[in-house]
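The values are calculated or read from the model by the stated rules, or taken from the named source; none is laboratory data. Just so it is clear, the model here is predicted, and its values are computed rather than measured. So basically every Cβ, Gly included, is an ideal-geometry build from the backbone, and we count neighbours across all protein chains shown.
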Amino acid sequence: MLQGHQTWVFENKPTIISTGVVGGPFEAKGSIPEDFDILHEDMWLKQDSFEKAQQMLMEESCQVALKKSSIEKEQVQFFISGDLINQITPTSFTAKTIGIPYLGIFSACATSAESLALSAYLINSGGADYILSGTSSHNATAEKQFRYPTEYGGQKPPTSQWTVTGAGCALVAKEGSGPVVTSATIGKIVDMGITDPFNMGGAMAAAAVNTIETHFKDRNIDPSYYDLIVTGDLGHIGREVSLDLLKQRGLSIREDQYVDCGLTIYREGQPVLAGASGPACSAVVTYGHFLNKLKRGEIKRMLLVATGSLHSPLSIQQKDPIPCIAHAVSIESGSDAT
Amino acid sequence: MADKKKKKLPPEAQNYQAFQQDREVKRPVLLNCLKAFLVGGFICFIGQLISTFYVYYFNFTEQTAGNPTTATLIFITMLLTGFGIYDRIGQFAGAGSAVPVTGFGNAVISSAIEYKTEGFILGVGSNMLKLAGPVIVYGVFSAFVIALIKTLLIKWGVI
Amino acid sequence: MKRWLLLIGLLCTLSSCGNESALEPSKNKNEALDLTHISTKDQNTSQQQANQAKAALSNYKEITAIKAVNTSKQLIIAVQVEQNQRLKLAKIRKQLSKEMKEMFPDLKVELTTDKKIAIELEKLEEKLKSGSMSKKSMEKRVKKIVDLSKEQT
Amino acid sequence: MIFFWAFVIGGAICVIGQILFDVFKMNPGQTLTILVIAGAVLDGIGLYEPLIDFAGAGATVPITSFGNSLVHGAMQEAEKHGLVGVVTGMFEVTSAGISAAIVFGVIGAIIFKPKG
């Protein structure tokens, strides 16, 4: 169980038996459309508001995950999820719709890893048989809350990132076939005094480095243990900063071993500036793209390091620096995890 | 100002910020200025066209044509904002489309459209001037101060 | 503080305004000017003063066009000024207006630099030239134009 | 000619805005506020009107002219009514921009929905 100071090692093999990945129109034009279960053509999903559209995304991803596993929702003990919007209402309304006992969490873009770590911990310790964990985000709701109205003609600097419209959900079970969650490292808030909300990658890189370092120290392994180290949504700048910083600290990570969800989801040429972000970013790319790779045997072990900047519009206006966090979860293919 | 704030930070954070800044993508200032110049200039050129049109074909003088010109430009802005074009122009042009009165119109109209889902009174009504508010507030306040000083100076015979 | 100074400097350079006094009359007449001297058959609508004003104003080479019409009580003149002199437009207007008022003490003189008034006066001049205008309708038109020129917003 | 200068002066004012964005790292709200105040100050010292005479829409279309016309309205009214006029005259000249933006804002909200 607890190993080192902030890492859990799961000996009872909590397994991701199915996932549900939903995306919007912009993601459909990206580089991994085949890894989505549902892709929508309309930002509104025929709803009255963007917030309801986001709720719809989350609901669909839960339903897809349940359907693929042929587990009834009554068999699922908990739903652990969260999102970016004020008081995580899209997630709470989803919990109302699916009617599963619910734990709402908030870690901004690190929500995916946080919910997966908590789910794995509960399953591992016998607290539940099945847990749905996931997260969602919607470009327009995030823009509206954190930046400007979507139709406002403000110019974004090249350091800013594009919030993913989508939802990703994983059904974690005590037993079954699928990728296994082997360990999780819970991160600390790292605050390097960066106040620019249009440069989250640069701010979050420090948190990612901190958590990755701790993970290897706690588990007493080195980076070559993993085929892939997948960061959440650092974007171009954050990836470069964190990679250089990790090398400086003596961790040898190869360029091709260190990938970023925010740079995986979209194609070159889409106007996303430094890359993608949003809770759904790491969720859809991991539960879709990378778990598919894991199932196909292209990779055997991956470490998901989801990063989040936990600021609010208010804290930015009050000139507070951005508090950043990163949680790491290691996922390994089933056969290999014995 | 930023330097002062930086000095209070622990050295670790200062080092990190320097480290991060080396890798940050710099804003292409010159290119942005050129784009702003071209698009901003073009909008003003259109404004001059509209204004000339009003002078020639309607009963407006050069001075009084200003108001209908502004209104026409804002009307065009409404269409561009509503069809989702103005935000793209904005990403390209930066200040070129933000500084002309069309940018003011876009700030008001985009907020109005955005908060439609919260209802017309509390959504549209309350949030419409969210972005444009500071311009009105400080425009009026500074104009008040300046006009007050000027009036007093004239009164005292200084100017 | 530094950035504020820089900002003010920037804005000041933008509007570099010369303080030299407005216009000096040149010795040569401005040949490029298209001056329509209007002679009307009807004595009631005589444009003698307007013509006089045009002749006087044509001494300024910065003026690119002059339109003027007078009634027995009023004289309205619209001048167009060279583009690169337009920064001093207000001063020019003031100076010329003063000059014209001194030249025609018996008339109410209105001098403007507005394009719209120039257009309106040109139309009126054309009509007067063709002689199809009565004194009364001319006075009405002039009054209208004067009102338009005085409108502020 | 006035068309050329409208383009150049209007463009130049936008470049000042862009410099405030990129060099001084200001957000649109701060930038536009500074430009409006600059317009008011320039009119206060009598520099903005010549610019309008010179560049036409190049000076009236940028947001700086908002500050200019606020001061102008206030001064006009102050000449007639003294100090009270400073407050009452403020919106005399400017109302077009604000009222057009509000009217078209409401119409826009009725007709359109955000594209996202």
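Here are the numbers:
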read-out: Index of the failed condition, residue D:112 passing every other in (1) crowded, with 22+ Cβ neighbours inside 10 Å; (2) of a type in the set (A, V, I, L, M, F, W, C); (3) at pLDDT 90 or above; value: (1)
read-out: Extreme residue, farthest from residue A:195 (Cα to Cα), among residues of the stretch D:1-58 that are outside any helix (DSSP H, G or I) and more than 7 Å from chain B (Cβ to nearest Cβ); value: D:1
read-out: Matching entry among A:166, A:235, A:187, A:202 (being not polar (S, T, N, Q) and not assigned by TED's automatic domain parsing to the domain that holds residue A:263); value: A:166
read-out: Helices (runs of 4 or more DSSP H) within the stretch B:30-148 that include 3 or more residues among the small types (Gly, Ala, Ser) and at the interface with another protein chain (Cβ under 7 Å from one of its Cβ atoms); value: B:66-82, B:95-98, B:101-114
read-out: When residues of the stretch D:31-57 are limited to those that are within 14 Å of residue B:70 (Cβ to Cβ) and in contact (Cβ under 8 Å) with a residue 40 or more places away in the chain, the one surrounded by the fewest Cβ atoms within 10 Å (Cβ to Cβ); value: D:56
read-out: Residue within the stretch A:171-192 that is surrounded by fewer than 24 Cβ atoms within 10 Å (Cβ to Cβ), within 16 Å of residue D:25 (Cβ to Cβ), over 17 Å from the mean Cα position of the chain (by Cα) and within 14 Å of chain B (Cβ to nearest Cβ) present; value: no
read-out: Candidates D:109, D:101, D:40, filtered to the one that is in contact with a helix residue (DSSP H, G or I) (Cβ under 9 Å, 6 or more places away or on another chain), over 21 Å from residue B:109 (Cβ atoms) and small (Gly, Ala, Ser); value: D:40
read-out: Boolean, residue B:20 is without any contact (Cβ under 8 Å) to a residue 60 or more places away in the chain and either farther than 20 Å from residue C:116 by Cβ or touching an Asp or Glu at 6+ places or on another chain (Cβ under 6 Å) (or both); value: yes
read-out: All positions within the stretch A:147-170 that are within 14 Å of chain B (Cβ to nearest Cβ) and in contact with a Cys (Cβ under 8 Å, 6 or more places away or on another chain); value: none
read-out: Hits in the stretch B:42-89 (condition: more than 19 Å from residue D:97 (Cα to Cα) and small (Gly, Ala, Ser)); value: B:84
read-out: Positions within the stretch A:111-141 being in a helix (DSSP H, G or I), closer than 27 Å to residue A:262 by Cα and in contact with an Asp or Glu (Cβ under 9 Å, 6 or more places away or on another chain), in sequence order; value: A:111, A:140, A:141
read-out: Residue ID - farthest from the chain's Cα centre (by Cα), chosen from residues in the stretch A:242-295 that are outside any helix (DSSP H, G or I) and among the acidic types (Asp, Glu); value: A:268
read-out: In the stretch B:14-53, residue surrounded by the fewest Cβ atoms within 10 Å (Cβ to Cβ) [restricted to those that are in the same structural domain as residue B:90 (by TED's automatic domain parsing) and polar (S, T, N, Q)]; value: B:52
read-out: Test set (1) surrounded by fewer than 24 Cβ atoms within 10 Å (Cβ to Cβ); (2) at pLDDT below 95; (3) of a type outside the set (A, V, I, L, M) - residue B:90 fails condition number; value: (1)
read-out: Residue in the stretch B:58-65 that is of a type in the set (A, V, I, L, M, F, W, C) and surrounded by fewer than 24 Cβ atoms within 10 Å (Cβ to Cβ) present; value: yes
read-out: Yes/no for residue B:12 being at the interface with chain D (Cβ under 9 Å from one of its Cβ atoms) and at pLDDT below 90; value: no
read-out: Count - residues of the stretch C:87-146 that are within 14 Å of chain D (Cβ to nearest Cβ) and either surrounded by fewer than 17 Cβ atoms within 10 Å (Cβ to Cβ) or among the polar types (S, T, N, Q) (or both); value: 4
read-out: Output for the stretch C:122-146, where each listed residue is under 17 Å from residue C:67 (Cβ atoms) and either free of Cβ contacts under 8 Å to residues at least 12 places away in the same chain or not aliphatic (A, V, I, L, M) (or both); value: C:122, C:123, C:125, C:126, C:127, C:129, C:130, C:141, C:143, C:144
read-out: All positions within the stretch A:311-338 that are closer than 30 Å to residue A:146 by Cβ and either at pLDDT 95 or above or touching a Leu at 6+ places or on another chain (Cβ under 8 Å) (or both); value: A:322, A:323, A:324, A:325, A:326, A:327, A:328, A:329, A:331
read-out: Complete set of residues in the stretch A:302-332 that are surrounded by 15 or more Cβ atoms within 10 Å (Cβ to Cβ) and over 19 Å from the mean Cα position of the chain (by Cα); value: A:315, A:316, A:321
read-out: Matching residues, the stretch B:37-63, being without any contact (Cβ under 8 Å) to a residue 12 or more places away in the chain and under 15 Å from residue D:66 (Cα atoms); value: B:63
read-out: Matching strands (runs of 3 or more DSSP E) fully within the stretch A:1-102 where at least 2 residues are crowded, with 22+ Cβ neighbours inside 10 Å and among the aliphatic types (A, V, I, L, M); value: A:15-23
read-out: Odd one out for residue A:154 among (1) at pLDDT 90 or above; (2) over 30 Å from residue A:13 (Cβ atoms); value: (1)
read-out: Among the residues listed as C:11, C:87, C:96, the single one being modelled with pLDDT under 85 and either in a helix (DSSP H, G or I) or not polar (S, T, N, Q) (or both); value: C:11
read-out: Filter result (within 22 Å of residue A:325 (Cβ to Cβ) and either more than 14 Å from every other protein chain (Cβ to nearest Cβ) or at pLDDT below 90 (or both)) within the stretch A:125-146; value: A:131, A:133, A:134, A:135, A:136
